[in-house]
Structures are given as C-alpha cells and as structure tokens.
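Colleague: Below is the structure I would like to discuss, written out as structure tokens.
The values are calculated or read from the model by the stated rules, or taken from the named source; none is laboratory data. As the structure is a prediction and not an experimental result, all values here were calculated from the model. Here the Cβ positions follow ideal geometry from the backbone for every residue, glycine too, while neighbour counts run over all protein chains shown.
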C-alpha cells in the first residue's frame, strides 16, 4: 500500500552562508536555482514515518535518506511511502524526477558510547574545510542550544509539516535535530558552496520545549570522490545525560567545480550567522 503526500517546496536557506542555496551561485554549478536544503527534503520524507508511528518512531526509530537531484523553491513535490516488511520505503519527487530516496523503521540501533566533547573555534578564525582540518578521527567543537516550542513551530511551518504530530511544537522534529549536524560542520570549518548528500539517523528519545541540546561530532571519513571532497560525520545529540539522536551525515564539502575555480572565486567570508 502506498501513502502519498504533496506539498510546495520552500527554500529556507536563501540567506545561508552556504551559497549553494543562492540562485546565482547554484547556477554556476549547473542548477536552475538555489537548492532546497537536503535537511528540509529529509523533513518532507520524515513526515511519513512520523505520521505512521508517531512518538514511538521519534523516540526509538530510524531513517536514512540519500539525495540525488535538486528540489527547488516552488516545486510541486510528491512524497511517497510504501510498506516494506516492517518498515517504509520512501521517495521524494519533483519535476517528474525522483530527487531523494530512503527508508524508515520503527526500531533503530541502540545508543552508542558517548563521543568526546570539545570547544568550538572562534567563528572568524575557522580553518578552511580541507583534508587537513577534517582529518579522520578529528573531534569537532560541541554545539549547545536550547530547544523552544517557538523555534519548533517555525521549523514545522518552514518544512510544511503538521504541528499536531509534535504536540504543537513542544517536541522537536527529527529534521530540526538533523539541521544541527549541518551546523556543527559549518561552525567548525569555513565552507564555500557545499552539498548535503545523505543522512542516516537513529532516534533514542524526545527533545522537549526548554531542554538544552548538546551536539557532538567526530569525522568518520574524508575522501576524494570523482574530484569532490566528501566528509562523513558521526554525530551524537544529547539532552543532559540522555541520548536523543545519533547519525551519520555525509556532505560534499568542496565540489569539484569549487576546487577548479578556487583561485578565481573567493570563498564565502566568515562572520555570517544565517544558517540553513
């Protein structure tokens, strides 16, 4: 049986430090406009297991998603979920193309041993993202942020989800949490235009209004793939002593086109606080 949901995609990151979401910059990479963030496409997909299983999934389920084609602002977007054994097979389509695929299940992996914490670098002196600054095994600086219902409702509206699924914003959306995997990368190294490729999450508990979230990350891999530099982060999110989420987060942190044009096109300058 197939469940289907339609929505109009919205680019939440036009002011982001990541200029792949800017129309003029994205066009230089062969895109027709700024990309809707992968974490938001993840949110479109994540609606389906949340609508199917509710808080049981949000507190103990799992999901993975890979992004193949861009979703643009204003795209009529279709999300499907097909029963697949005990889980769901997910897809997101726009412009007649399958843009992302994934899968979700009600039972995720057990919490992992705690990752180490570390201090964040000064924003203005972040090292440029590279093989050297993102060496395998490196501990990234830890983020801390208080979750609020107001922020949750803003996010739910932006990703076209339903507040009632999250106690009217009192419980954090899985994709709100996943955005912090982007933030922990961007707050530790200086990035030019970069592209979120894939994420796999395991949920361990609920994050509720007023709780402080701690985001820890370690570089799990850093490879050159067809000229693109790609990093994999192992990310862990905590509320006090409780684990909320663990994830593997993959991103092309330096596309081939940026490497080829590095001497001609300067990187985005540090200092902007707008993030996707």
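Colleague: Any idea how many residues of region 75-96 are more than 20 Å from residue 200 (Cβ to Cβ) and surrounded by 13 or more Cβ atoms within 10 Å (Cβ to Cβ)? Show your work before the answer.
Modeller: From region 75-96, those more than 20 Å from residue 200 (Cβ to Cβ) are 75-78, 83, 93-96; that's our starting set.
From what is left, the residues that are surrounded by 13 or more Cβ atoms within 10 Å (Cβ to Cβ) are 75, 77-78, 93-95.
Count: 6.
Colleague: Would you confirm whether any residue within region 43-52 is surrounded by fewer than 19 Cβ atoms within 10 Å (Cβ to Cβ) and either over 16 Å from residue 3 (Cα atoms) or over 15 Å from the mean Cα position of the chain (by Cα) (or both)? Working first, answer last.
Modeller: In the first step, residues of region 43-52 are kept if they are surrounded by fewer than 19 Cβ atoms within 10 Å (Cβ to Cβ); the result is 51-52.
Remaining after also requiring either over 16 Å from residue 3 (Cα atoms) or over 15 Å from the mean Cα position of the chain (by Cα) (or both): 51-52.
For region 43-52, residues surrounded by fewer than 19 Cβ atoms within 10 Å (Cβ to Cβ) and either over 16 Å from residue 3 (Cα atoms) or over 15 Å from the mean Cα position of the chain (by Cα) (or both): present.
Colleague: Residue under question is residue 270, and the condition is that it be at pLDDT below 95, in contact with a strand residue (DSSP E or B) (Cβ under 6 Å, 6 or more places away or on another chain) and assigned to a loop (DSSP other than H, G, I, E, B); does it hold? So that I can check it myself, show each step before the final result.
Modeller: Values: at pLDDT below 95: yes; in contact with a strand residue (DSSP E or B) (Cβ under 6 Å, 6 or more places away or on another chain): yes; assigned to a loop (DSSP other than H, G, I, E, B): yes.
Considered against the rule, which asks whether it is at pLDDT below 95, in contact with a strand residue (DSSP E or B) (Cβ under 6 Å, 6 or more places away or on another chain) and assigned to a loop (DSSP other than H, G, I, E, B), residue 270 comes out as yes.
Colleague: Given the options 65, 91, 51, name the one that is in a strand (DSSP E or B) and farther than 19 Å from residue 247 by Cα. Let's see the steps before the verdict.
Modeller: Numbers: 65 fails: farther than 19 Å from residue 247 by Cα; 51 fails: in a strand (DSSP E or B).
Going through 65, 91, 51 in turn, the sole match is 91.
Colleague: Additional query: Hey, among the residues in region 105-139 that are assigned to a strand (DSSP E or B) and more than 17 Å from residue 249 (Cβ to Cβ), which one's farthest from the chain's Cα centre (by Cα)? Before the answer, list the steps.
Modeller: We begin by selecting, within region 105-139, every residue assigned to a strand (DSSP E or B); these are 105, 128, 139.
From the residues that got through so far, the ones that are more than 17 Å from residue 249 (Cβ to Cβ) too are 105, 128.
Details: 105: 19, 128: 20 Å.
The selected residue is 128.
Colleague: Identify, by number, the condition in (1) in contact with a helix residue (DSSP H, G or I) (Cβ under 9 Å, 6 or more places away or on another chain); (2) crowded, with 21+ Cβ neighbours inside 10 Å; (3) more than 21 Å from residue 44 (Cβ to Cβ) that residue 210 doesn't meet.
Modeller: In the conditions (1) in contact with a helix residue (DSSP H, G or I) (Cβ under 9 Å, 6 or more places away or on another chain); (2) crowded, with 21+ Cβ neighbours inside 10 Å; (3) more than 21 Å from residue 44 (Cβ to Cβ), residue 210 misses (2) alone.
Colleague: Still on this structure, I have one more. Looking at region 25-48, which of the residues that are out of contact with any strand residue (DSSP E or B) (no Cβ under 9 Å at 6 or more places or on another chain) and not in a loop (DSSP other than H, G, I, E, B) is nearest to residue 251 (Cα to Cα)?
Modeller: If we filter region 25-48 for residues that are out of contact with any strand residue (DSSP E or B) (no Cβ under 9 Å at 6 or more places or on another chain), which is where we start, we get 25, 27-28, 30, 40, 43.
From what is left, the residues that are not in a loop (DSSP other than H, G, I, E, B) are 25, 27, 40, 43.
Working: 25: 18, 27: 19, 40: 15, 43: 17 Å.
That would be 40.
Colleague: Those residues that are touching a residue at least 60 places away in the same chain (Cβ under 8 Å) and not in a strand (DSSP E or B), I need them from region 197-236; list them, please.
Modeller: 204, 205, 206, 207, 209, 210, 211
Colleague: Continuing with the same structure: Would you check which residues across region 142-151 are surrounded by fewer than 18 Cβ atoms within 10 Å (Cβ to Cβ) and either assigned to a loop (DSSP other than H, G, I, E, B) or modelled with pLDDT under 95 (or both) and list them?
Modeller: Step one: list which residues in region 142-151 are surrounded by fewer than 18 Cβ atoms within 10 Å (Cβ to Cβ), which gives 144-146, 148, 150-151.
Answer for region 142-151, where residues must be surrounded by fewer than 18 Cβ atoms within 10 Å (Cβ to Cβ) and either assigned to a loop (DSSP other than H, G, I, E, B) or modelled with pLDDT under 95 (or both): just 148.
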